[in-house]
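Every number in this text was worked out from the coordinates using simple rules, so none of it is lab data. Remember, predicted model here, so these are calculated numbers, not experimental data. Here the Cβ is made from the backbone with ideal geometry for all residues, glycine too, and neighbour counts use every protein chain on show.
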Amino acid sequence: MNYFITGTDTDVGKTYFTALLTRALRSRGLDTLALKPICCGPRDDVILLRHAADLEVSEDVLNPLWFTAPAAPLVAAREDGREVSLAALQSWYADLRSQRRSLLVEGAGGWLVPVTRDVTVADLAVAFQLPVLVVVANRLGCLNHALLTVESIRARGLTCAGLVLNTLSADDSIAAATNRAILEEVCDVPIRAEITLGQTSLAWVELES
């Protein structure tokens, strides 16, 4: 079970879902690690992912590039006077892949966030050749965001393995109430899971089909 996990935007719950999935897979006996190639700003997400894997490896193993500014990687790297090497990240991933049956890789921000002038988060998924799971914030506007992200994933020759609908806060709007049904009607990518704030476990069956 190896996936690249992206989102329709920043702060849509990618890390929260990735941690839930990590625990679910490890509970089934897999050696899953959740990786975050690039972290910008506080390293809280990396700490959460490390705990999801029972503190098995260090934060630096899970997250080789950490920039201090809470901004897009392109901006954060420049602020720190550093550069991102796609080749170095490929080597880092290949080394871990040779040691593990199951890796989850969480992107930074949304799907097309710039990492360098010429590289986006999408290019990381292409470099790692992973099927993609998309975390979708269940709110007004998510239909457009989800469909655009799926279209872009496929345009790069990758498989969109599923959508994860995340209800971030109490929302009694008609959009939040109908987003799942409409996505199932207009998009041929299955919704693998629907999660809510405060959820502490993820049923394996939600990702098996």
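Before moving on, here are some points about what is shown:
- Between the stretch 52-78 and the stretch 81-113, the alpha-carbon centres lie 10 Å apart.
- Sequence of Asp171, Asp60 once ranked by neighbouring C-beta atoms within 10 Å, starting from the fewest: Asp60, Asp171
- Ranked by how many other Cβ atoms sit within 10 Å of their own Cβ, fewest first, the residues Ile47, Ile182 fall in the order Ile182, Ile47.
- Of the residues Trp92, Trp111, the one with the fewest other Cβ atoms within 10 Å heads the list, and the complete ranking is Trp92, Trp111.
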